[in-house]
1. Can you tell me which residue among 593, 616 is touching a residue at least 60 places away in the same chain (Cβ under 8 Å), part of a loop (DSSP other than H, G, I, E, B) and not basic (Lys, Arg)?
2. If I ask for residues that are open to solvent by 30 Å² or more (accessible area, probe 1.4 Å), closer than 23 Å to residue 655 by Cα and touching a Gly at 6+ places or on another chain (Cβ under 7 Å), which ones from the stretch 572-626 would you list?
3. Tell me, yes or no, whether the stretch 292-312 has at least one residue that is at pLDDT below 75, among the basic types (Lys, Arg), surrounded by fewer than 13 Cβ atoms within 10 Å (Cβ to Cβ) and in a loop (DSSP other than H, G, I, E, B).
4. Quick check on residue 278: is it at pLDDT 85 or above and exposed (fewer than 15 other Cβ atoms within 10 Å of the Cβ)?
5. Condition first: touching a Pro at 6+ places or on another chain (Cβ under 7 Å) and open to solvent by 60 Å² or more (accessible area, probe 1.4 Å). Now tell me which residues in the stretch 549-571 satisfy that.
6. Please list, ordered by residue number, the strands (runs of 3 or more DSSP E) wholly in the stretch 57-156 having 2 or more residues that are open to solvent by 40 Å² or more (accessible area, probe 1.4 Å) and either at pLDDT 70 or above or not hydroxyl-bearing (Ser, Thr, Tyr) (or both).
7. Can you run down the residue pairs with Cβ atoms below 7 Å, 6 or more apart or on separate chains, where the first is in the stretch 227-253 and over 23 Å from residue 214 (Cβ atoms) and open to solvent by 10 Å² or more (accessible area, probe 1.4 Å) and the partner is outside any strand (DSSP E or B) and aromatic (Phe, Trp, Tyr)?
Amino acid sequence: MLLRTRIMLIVLLIVALPMTIMGYAFLLRDQAADRQAAELQLANYETIWEQVVGSALRSAQAATTALLQEPGIAAALQEGDRGDLRVLEERIGKATAAGTGLERLDIFTTGGDLLYSTDISFFARMMLRNVEWAFFWVDSPTYGARVIDEELIGIAAAPIQLGDERVGTSVTTLDLGAQVARVADILDAELFVVDREAGRIAGSEGALWQAIAAAGDGEFGRRMVEVELEERYWQVGGIVVADVGGGTSATVLVARDVTEAAEQRRLTHLALLAAMLLGAALVLSLLWIYLRGALRPLDDGIQALNALSAGRTDHYAELPSGRDEVGQIGRAIDVFRSVAVTVERAADERERRRRRQARFIRRQMAMLSDTLEGEAKETALEDLRQIEAAAEAEQAASERGEGGDELGLIAVALERMTTRVRDQQARLTDLVAELREALEAKTRLIALEQELDIARTMQQSVLPRTFPPFGATQIDARMTAAKEVGGDFYDVFKIDEERLGLVVADVSGKGVPAAFFMLIARTLMKAVGLRGDAPAAALAQLNELLAGENEQMMFVTLFYGVLERRSGRVEFANAGHNPPLILRADGRVEWLETAAGVALAVMPGLDYEAGVFTLEPGDSLLLYTDGVTEANDSAGELFEEARLAATLEGAAGESAEALVERVFAAVQEFARGEPQADDLTCLVVRRGAAGDADETGDDRGGGR
């Protein structure tokens with residue numbers, strides 16, 4: 001960028017900054033004045049509204065008070081006689097005709113009952129709009145308004161006093177349509193009334209209302225906005241109408257045409273802006289003319305310096321020889337020209353030396369390649385070709401005045417050798433690092449597999465393989481984890497000589513976390529169950545123990561039943577687990593209906609519903625986890641409950657071990673080699689038939 005351009009930009013900035021600040025100050029002043037004017041205008045609107053509407057409500061209330069003080073009406077009010085109050089209709093008609101503003105009157109007793117109403121239908125509509133009688137229980141005259149059926153209704157409530165005794169409350173209501181029209185005439189403006197939902201209830205619906213509604217965006221209040229419509233400007237101010245029960249019932253929008261004032265203000269702003277821009281342009285034009293003449297010698301000096309920097313030492317510039325800055329630049333250019341001539345001669349000498357060195361390096365590299373064989377010779381020849389290419393490039397750069405380094409070729413040769421050694425070292429280092437990482441990863445994998453084998457062995461060891469003897473009852477169970485360790489478990493424990501606890505559960509998740517939570521849940525379940533409590537109470541206590549310190553937010557579904565040896569009665573409770581199956585002795589397969597319940601450890605303070613059923617001699621009970629019914633084949637289809645029930649059909653006489661094997665075989669055949677998605681667990685309890693064993697005294701029990 002030229003010096004004079006920079007100077008012009010600096011001056012422009014110096015001029016523009018104060019002008020911008022001045023313009024911004026004028027803008028702030030205008031905005032403050034506009035806000036103050038808007039506030040005064042809103043206050044004027046509110047004063048006129050209060051005068052018109054307030055005087056109408058006070059006049060109506062005064063007429064009501066005078067009417068109710070008449071002796072006959074006062075006595076009827078005191079006695080609560082609705083029949084004697086009918087005379088009010090004639091009196092109210094006369095008061096309305098006299099222009100008092102009294103239109104409708106409702107009278108309440110001190111107990112809140114409606115004693116009199118000039119228009120019971122209007123009173124009903126008022127009640128339907130949530131205008132409660134409690135709003136009118138006032139100690140002094142109170143005025144307000146409410147939008148009822150898209151009409152703005154003025155409401156005046158006052159206590160009815162007869163002497164020192166309060167006998168009720170009067171509520172005077174009148175339509176405010178006439179008052180709205182009067183305010184519009186006084187202000188010479190368009191008036192619109194909107195309710196709290198921004199719905200228009202008064203005022204013409206036209207283009208002006210559409211523009212006001214769009215500008216308000218559904219929100220109106222005490223503020224002033226400007227609306228542009230068909231090249232006309234409208235100033236819209238909001239008057240907030242107080243609700244009889246507190247808050248806001250409606251907003252009166254006053255729209256006045258201010259096109260002339262807005263146009264005058266716009267012309268004033270444009271004139272001020274034009275004056276400021278004209279002054280700035282005049283200052284900059286005079287400065288440009290001055291700088292153009294003052295900096296002309298500098299342009300000649302710059303051309304001379306450009307020629308010298310390009311190597312043309314024959315260029316000469318005629319500059320003044322004074323003692324000012326231009327004269328000093330001229331003397332400096334002469335010195336620079338003499339130095340450039342000296343440098344040009346030195347560059348020619350360096351170029352001759354560089355060529356001699358290049359020839360020497362090529363001869364040495366050629367002799368070196370002759371002593372090598374095979375790949376090493378090809379590598380050396382490739383280096384020689386690259387050095388020659390670099391020499392040619394160096395020569396071309398020197399001819400353009402961009403090179404001439406006499407050590408350039410030596411640097412190229414050393415660079416090739418250094419790069420080759422560095423690359424080889426890097427490859428060796430990377431190879432060693434990869435071998436070391438692979439060895440460490442293999443070591444960690446072996447250790448992890450060993451730990452998982454130990455965990456799998458420990459988990460299988462805590463699940464019972466043999467089961468306590470319990471008469472002629474047969475018991476068999478199996479659990480196959482989807483991963484190295486699983487979250488399913490089962491348990492069978494003898495509570496006493498007559499009762500046997502049966503448990504099947506499924507912990508959320510899979511793998512090591514589920515296995516740890518499974519061990520905790522199984523241990524606590526057995527400890528709670530051995531106390532002999534009913535299943536529902538036992539699950540409630542187990543839930544409190546598991547939910548108390550469940551930082552990992554895991555949960556477990558669990559079915560717990562207690563089998564009585566002599567009767568075959570099973571009392572159970574279900575915590576969100578799959579419903580069991582009962583295979584009857586006659587071959588029927590029944591689903592046990594259980595309450596769904598909530599899984600354990602979800603939250604404390606849960607209760608569980610108890611249930612009871614009976615295993616008759618020859619019946620079998622199948623408990624399982626969702627890994628059985630949710631096993632999938634290659635097409636993604638699930639095994640589901642229907643296939644499980646079909647698997648047990650026709651197996652009424654089989655042993656518990658055979659039933660478990662039948663279920664697992666059916667699931668494996670259905671999956672057809674698909675990876676196991678979830679843990680598989682089955683527990684079968686078969687009560688011996690009448691001839692199998694003595695149910696009352698034989699303790700040989702079950703097991704596989």
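The values are calculated or read from the model by the stated rules, or taken from the named source; none is laboratory data. All of these numbers come straight from a predicted model, not from anything done at the bench. Positions of Cβ are generated from backbone atoms using ideal geometry, with glycine treated the same way; all protein chains shown enter the neighbour counts. Surface accessibility is based on the protein's heavy atoms, side chains included, excluding ligands, DNA and RNA. Shrake-Rupley method; radii C 1.70, N 1.55, O 1.52, S 1.80 Å.
1. Values: 593 fails: touching a residue at least 60 places away in the same chain (Cβ under 8 Å).
When all the criteria are applied, what remains is 616.
2. Scanning the stretch 572-626 gives 585, 614, 616, 617.
3. Initially, the stretch 292-312 is screened for residues at pLDDT below 75, giving 292-305, 307-312.
Filter once more, keeping what is among the basic types (Lys, Arg): 292, 296, 312.
If we keep only those that are surrounded by fewer than 13 Cβ atoms within 10 Å (Cβ to Cβ) as well, we get 292, 296, 312.
In the following step, the residues that additionally are in a loop (DSSP other than H, G, I, E, B) were identified as 312.
Yes: the stretch 292-312 contains one or more residues that are at pLDDT below 75, among the basic types (Lys, Arg), surrounded by fewer than 13 Cβ atoms within 10 Å (Cβ to Cβ) and in a loop (DSSP other than H, G, I, E, B).
4. Details: at pLDDT 85 or above: yes; exposed (fewer than 15 other Cβ atoms within 10 Å of the Cβ): yes.
Here the answer is yes, as residue 278 does meet what is asked.
5. Matches in the stretch 549-571: 552 only.
6. Working: elements: 104-108, 114-117, 142-148.
Filter on the stretch 57-156 gives 142-148.
7. From residues that are over 23 Å from residue 214 (Cβ atoms) and open to solvent by 10 Å² or more (accessible area, probe 1.4 Å), the pairs are 244/135; 245/135.
Residues checked against (1) out of contact with any strand residue (DSSP E or B) (no Cβ under 8 Å at 6 or more places or on another chain); (2) under 19 Å from residue 581 (Cβ atoms):
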| position | (1), (2) |
| --- | --- |
| 469 | yes, no |
| 472 | yes, no |
| 476 | no, yes |
| 479 | no, yes |
| 487 | no, no |
| 496 | yes, no |
| 500 | no, yes |
| 520 | yes, no |
| 524 | yes, no |
